[in-house]
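Values quoted throughout were computed directly from the atomic coordinates according to the rules given, and no laboratory measurement underlies them. Model, not experiment: these values are computed from the prediction. Neighbour counts are summed over all protein chains in view; Cβ atoms, including those assigned to glycine, are modelled from backbone coordinates with ideal geometry.
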Amino acid sequence: MKSLNEIFSKAPDLSIKDVVYLLNIKSEDELKALQEKAYQITTEKIGNDVFYRGIVEFSNICILNCDYCGIRRGNNTLDRFMLTKKEVVDAAMWSAQMGYGSCVLQSGERKDKKFTEFVIECVKEIKKNTISEKLPEGLGITLSVGEQTKETYQKFFDAGAHRYLLRVETTDEKLFNKIHPEKQTLQSRIKSLEFLKEVGFQTGTGIMIGLPEQSLESIAKDILFFKDFDIDMVGMGPYINHPDTPMYELGMMDKDDLLKLSLKAIAAVRLIMPEVNIASTTALQALFPQGREMGIKHGANIIMPNLTPVEFREKYKLYDGKPCMDEAKEDCLKCLQMRVELADRNVGWNQWGDSKHFQNKQTT
Ligand code: SAH
């Protein structure tokens, strides 16, 4: 406990060694102390609200072949789909009506003009249709559609999207190259993150936790990268293997250990970056039914309810055991509110819930 208290007193300026210590905690007492500290910092720095971003997974068509991902191009067991603009806009409008405040549009990666124009059209239409007394600037829109050119990012921004998620996946170049067999490079991923910042997006990144051959030191370096890069939002989740991918046979971490490691990583990010938005990802719930509440208890403040029409969810399985596959969005709303309250937080209804870290940068 002595070392842990020393680390707490140094936060937010932690070294790699400190972060490795946090990730390596095994005693229940220390785990609890870390959880309580992260929760307390969250309450002090950003308050009691958890914000929703209704996520619409609008297409599983992907030009990439990431070895871990269920919608990789080479998975030919999969039916490919693309929602219509009306389906995307309707799902987003539903979330505005329910008071979610923000939505996320996510899909496999494509760079062709037809695709980027589709995204732009959806963003414009959602904005136009969601301006109301409760949301004077319309629904907040986050995009998560992979690496694009700076010009394309600019067009997305001009259309009205204001946050973007692009996980770096890992900053360990050797590991990055191992799990991305083709042309993808860490440099180009980081370049895209730079473009996003330059364009003015609130920029989010993250990693998968528990990848084969990923060390605690490697995760600690990723977490310090978020800080060095001055990232506004973090979405990290456990790596869960998918049977129709090449990485399946390499197995995955023991579920209990993986859940604990993911929660420790969330808490470590909160210690180091007290004012960023941190998502409690759905993959946490795939490991353990109360995984997302536990994420909130460890310092996360964002939840992403699934708004993808139920008939398409099966086709957007990035990993095995994805939860809520058949739960209608109405049921999801009730279930999530209960989950947030179980973690002693409130839901920040009808707000964008922007990253305080980003807001502070604008005013200084
Ligand atoms: N095409 C977009 C969205 C990708 S899917 C993009 O490139 O950003 C969103 C995230 O799902 C990925 O960034 C990856 O971190 C995660 N993911 C993919 N396969 C996974 C798996 N098997 N286990 C856990 N997370 C996975």
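Tabulated data
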| read-out | value |
| --- | --- |
| In the stretch 244-261, the residues that are near the ligand (Cβ under 10 Å from one of its atoms) and not in a loop (DSSP other than H, G, I, E, B) | 247, 248 |
| Residue identified as buried (at least 23 other Cβ atoms within 10 Å of the Cβ) and small (Gly, Ala, Ser) among 74, 54 | 54 |
| Within the stretch 166-175, tally of residues that are within 14 Å of the ligand (Cβ to nearest atom) and of a type in the set (Lys, Arg) | 1 |
| Residue in the stretch 288-297 that is in a helix (DSSP H, G or I), over 29 Å from residue 64 (Cα atoms) and touching a Cys at 6+ places or on another chain (Cβ under 9 Å) present | no |
| Tally of residues being in contact (Cβ under 8 Å) with a residue 40 or more places away in the chain, assigned to a helix (DSSP H, G or I) and either within 15 Å of the ligand (Cβ to nearest atom) or under 15 Å from the mean Cα position of the chain (by Cα) (or both) across the stretch 268-287 | 7 |
| From the options 183, 197, residue that is in a helix (DSSP H, G or I) and over 16 Å from residue 250 (Cβ atoms) | 197 |
| Filtered residue count, the stretch 8-33, keeping only those that are closer than 17 Å to residue 219 by Cα, under 25 Å from the mean Cα position of the chain (by Cα) and assigned to a helix (DSSP H, G or I) | 7 |
| Selected residue (only one of 102, 95 is in contact with a strand residue (DSSP E or B) (Cβ under 6 Å, 6 or more places away or on another chain), away from the ligand (no atom under 16 Å from the Cβ) and within 19 Å of residue 153 (Cβ to Cβ)) | 102 |
| Any hit, the stretch 123-138, residues being more than 16 Å from the ligand (Cβ to nearest atom), touching a Cys at 6+ places or on another chain (Cβ under 9 Å) and within 27 Å of residue 70 (Cβ to Cβ) | yes |
| Of all residues making up the stretch 226-243, the number that are more than 16 Å from the chain's Cα centre (by Cα) and within 11 Å of the ligand (Cβ to nearest atom) | 3 |
| For residue 37: the one exception among (1) under 22 Å from residue 295 (Cα atoms); (2) of a type outside the set (Val, Ile, Thr); (3) in contact with a Phe, Trp or Tyr (Cβ under 7 Å, 6 or more places away or on another chain); (4) within 16 Å of the ligand (Cβ to nearest atom) | (4) |
| Test: residue 178 is more than 26 Å from residue 53 (Cα to Cα), more than 14 Å from the ligand (Cβ to nearest atom) and in contact (Cβ under 8 Å) with a residue 24 or more places away in the chain | yes |
